[in-house]
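The structure appears below as structure tokens.
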Amino acid sequence: MKKIAYLAATAAALVAANAHAKTFNGPFIGAQGGWEENSVNNPSTGVGPTNLYGTGDTGTLGVFVGQDYRILKNFVIGGQAEVNFPINSHITDGTTTVDPKRSVDLSLRAGYVLRDKTLLYVRGGYSNVRASTIINAETPIYVSGSQNGWMLGGGIEQYVTKHITGRMEYRYTNLSEGAGKFDRHQLLLGVAYHF
């Protein structure tokens, strides 16, 4: 009887260990969307420094792919690559317009797993935004260029089925180059499939 109890306890421990290994451990793909605010104050752009101050609020949609590693029982590290497209985020004063078109983000995250199905995490990495700048002069000037910067944020991710998670995340991105200011705030909701 003791041997059976011992074998049952060992089997339960192996199943529990295997369950830990399956959540937040491996590749994933997903889609996300939410709110985005771009803010500029005399930013450096593809046409050089501009005298533009303002903000633009919009929705954003994107896709992502990544990999998580369960390095300890409750700790996760991972990487993610994504592309996001703001719906309509142009900022203008009537003379100068800055219009972010898309962003590519490469980031790392680290988190702590609660009850095997919930991950609290922080994220940081690199961001590249493709933006158009239009100067409405006698001869309008139109230039498309890139803004490079860094991003920092955090969120929560929760398993809702064996392979599918939902997530909510806040991010701040600094895209300032030169003396001006160009930054972005985002609140994103996402769904991921974990292989």
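The values are calculated or read from the model by the stated rules, or taken from the named source; none is laboratory data. Keep in mind the model is a prediction, meaning the values are calculated, not measured. Quick reminder, even Gly has a Cβ in these numbers, built from the backbone with ideal geometry, and neighbours come from all protein chains shown. Accessible surface is based on the protein model in full, side chains and every heavy atom, while ligands, DNA and RNA are left aside. Shrake-Rupley method; radii C 1.70, N 1.55, O 1.52, S 1.80 Å.
Quick notes on this structure:
- Within region 40-57, the set of residues being open to solvent by less than 20 Å² (accessible area, probe 1.4 Å) and modelled with pLDDT of 85 or more comprises 40, 54, 56.
- Selection count, region 67-91, where residues are open to solvent by 70 Å² or more (accessible area, probe 1.4 Å), in contact with a strand residue (DSSP E or B) (Cβ under 9 Å, 6 or more places away or on another chain) and either polar (S, T, N, Q) or farther than 20 Å from residue 39 by Cα (or both): 6
- Failed criterion for residue 185 (all others in (1) within 18 Å of the chain's Cα centre (by Cα); (2) over 27 Å from residue 95 (Cα atoms) hold): (2)
- Residues satisfying the stated conditions in region 125-173, i.e. of a type in the set (Gly, Ala, Ser) and over 13 Å from the mean Cα position of the chain (by Cα): 131, 132, 137, 144, 145, 146, 149, 166
- Residue pairs meeting the criteria (Cβ under 9 Å; at least 6 apart or on separate chains; first within 15 Å of residue 60 (Cβ to Cβ) and open to solvent by 90 Å² or more (accessible area, probe 1.4 Å), in region 179-195; second among the basic types (Lys, Arg) and part of a strand (DSSP E or B)): 189/167
- Residue 102 within 18 Å of residue 78 (Cβ to Cβ), assigned to a strand (DSSP E or B) and basic (Lys, Arg): no
- Only one of the numbered conditions (1) under 16 Å from the mean Cα position of the chain (by Cα); (2) among the hydrophobic types (A, V, I, L, M, F, W, C); (3) not in a strand (DSSP E or B) is violated by residue 179, and that is (1).
- Any pair with Cβ under 7 angstrom, 6 or more apart, that starts in region 62-85 at a residue that is modelled with pLDDT of 95 or more and ends at one that is aliphatic (A, V, I, L, M) and assigned to a loop (DSSP other than H, G, I, E, B): 77/71
- Top-ranked residue of region 97-119 - restricted to ones that are open to solvent by less than 10 Å² (accessible area, probe 1.4 Å) and among the β-branched types (Val, Ile, Thr), ranked as farthest from the chain's Cα centre (by Cα): 98
- When residue 72 is tested against (1) part of a strand (DSSP E or B); (2) farther than 30 Å from residue 92 by Cα, only condition (1) is not met.
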